[in-house]
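The structure under discussion appears below in the form of structure tokens.
The values are calculated or read from the model by the stated rules, or taken from the named source; none is laboratory data. Since the model is a prediction, treat every value here as computed from it, not as a measurement. Neighbour counts run over all protein chains shown; Cβ positions are idealised from the backbone, glycine included.
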């Protein structure tokens, strides 16, 4: 992480100042298998965190003998039981497709994923129903710990760049991809700080004049 911070400070004076104000990077990597991470991501799509966690807990509770159900267990589960957890029909279809692709080896294990490039994983996993590029980028950052991911389609990342640089409008994804090249090969760390820039901007707005 020290190499990442050194590079980002040198690459951009505004990023250097943001790092100084924010402190150490808090980007944490979980130990989930890619299959589990994708299922959890689908569960959280378009839902408040509390609701998503409740539904996910009901889903996991269907399989009391394992910390998280295997793909084979999910495929053997009646669709009505999955719907009973609170999943929409679309999410059930997506979760079952993730399970099928995991059983077939399309969704790799952590060990197998280590042999694949970022773009190879994005191309491979976005063939799954309900899984887009952003979802895979979150998996790359927060599950596989890939250091050089800049999710340019993410609203918060674009907004953070706008706030950090005092722009009138967010950069478009393609523009941000070019502008963000200066953060390579530590764009995941840069993304985390850009999210913090959004938080900082909100706090600034909350401070009343003279307060």
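Tell me, yes or no, whether region 158-166 has at least one residue that is surrounded by fewer than 21 Cβ atoms within 10 Å (Cβ to Cβ), over 20 Å from residue 5 (Cα atoms), outside the structural domain of residue 113 (by TED's automatic domain parsing) and touching a residue at least 12 places away in the same chain (Cβ under 8 Å).
Within region 158-166, one or more residues are surrounded by fewer than 21 Cβ atoms within 10 Å (Cβ to Cβ), over 20 Å from residue 5 (Cα atoms), outside the structural domain of residue 113 (by TED's automatic domain parsing) and touching a residue at least 12 places away in the same chain (Cβ under 8 Å).
Somewhere in region 14-34, is a residue in a helix (DSSP H, G or I), within 21 Å of residue 142 (Cβ to Cβ) and within 14 Å of the chain's Cα centre (by Cα)?
Yes; the residues of region 14-34 include at least one that is in a helix (DSSP H, G or I), within 21 Å of residue 142 (Cβ to Cβ) and within 14 Å of the chain's Cα centre (by Cα).
Which count do you get for residues in region 35-58 that are part of a helix (DSSP H, G or I) and over 12 Å from residue 139 (Cα atoms)? Steps first, please.
Of the residues in region 35-58, the ones part of a helix (DSSP H, G or I) are 35-44, 49-58.
Subset that is over 12 Å from residue 139 (Cα atoms): 43-44, 49-58.
Looking only at that region, the number is 12.
State all residues of region 180-191 that are closer than 11 Å to residue 147 by Cβ and either touching a helix residue (DSSP H, G or I) at 6+ places or on another chain (Cβ under 6 Å) or assigned to a helix (DSSP H, G or I) (or both); if no residue qualifies, say none.
Going residue by residue through region 180-191, those that are closer than 11 Å to residue 147 by Cβ are 183-191.
183, 186, 187, 188, 189, 190, 191, listed by residue number.
Would you confirm, using the coordinates I've provided, whether residue 7 is touching a residue at least 40 places away in the same chain (Cβ under 8 Å) and either in contact with a helix residue (DSSP H, G or I) (Cβ under 7 Å, 6 or more places away or on another chain) or in the same structural domain as residue 195 (by TED's automatic domain parsing) (or both)? Reasoning before the result, please.
Details: touching a residue at least 40 places away in the same chain (Cβ under 8 Å): yes; either in contact with a helix residue (DSSP H, G or I) (Cβ under 7 Å, 6 or more places away or on another chain) or in the same structural domain as residue 195 (by TED's automatic domain parsing) (or both): yes.
Yes, satisfied.
Select, from 37, 57, 17, the only residue that is over 30 Å from residue 165 (Cβ atoms) and either touching a strand residue (DSSP E or B) at 6+ places or on another chain (Cβ under 8 Å) or surrounded by fewer than 18 Cβ atoms within 10 Å (Cβ to Cβ) (or both). Please lay out each step first, then the result.
On the way: 37 fails: either touching a strand residue (DSSP E or B) at 6+ places or on another chain (Cβ under 8 Å) or surrounded by fewer than 18 Cβ atoms within 10 Å (Cβ to Cβ) (or both); 17 fails: over 30 Å from residue 165 (Cβ atoms).
Matching residue, one of 37, 57, 17: 57.
When you scan region 59-68, how many residues do you find that are in contact (Cβ under 8 Å) with a residue 12 or more places away in the chain and either within 25 Å of the chain's Cα centre (by Cα) or part of a helix (DSSP H, G or I) (or both)? It would help to see each step written out before you state the result.
Step one: of region 59-68, the residues in contact (Cβ under 8 Å) with a residue 12 or more places away in the chain are 59, 62, 68.
Now drop any that are not either within 25 Å of the chain's Cα centre (by Cα) or part of a helix (DSSP H, G or I) (or both), which leaves 59, 68.
Counting residues in region 59-68 that are in contact (Cβ under 8 Å) with a residue 12 or more places away in the chain and either within 25 Å of the chain's Cα centre (by Cα) or part of a helix (DSSP H, G or I) (or both) gives 2.
Among the numbered criteria (1) touching a helix residue (DSSP H, G or I) at 6+ places or on another chain (Cβ under 9 Å); (2) modelled with pLDDT under 95, which one does residue 49 miss?
(1)
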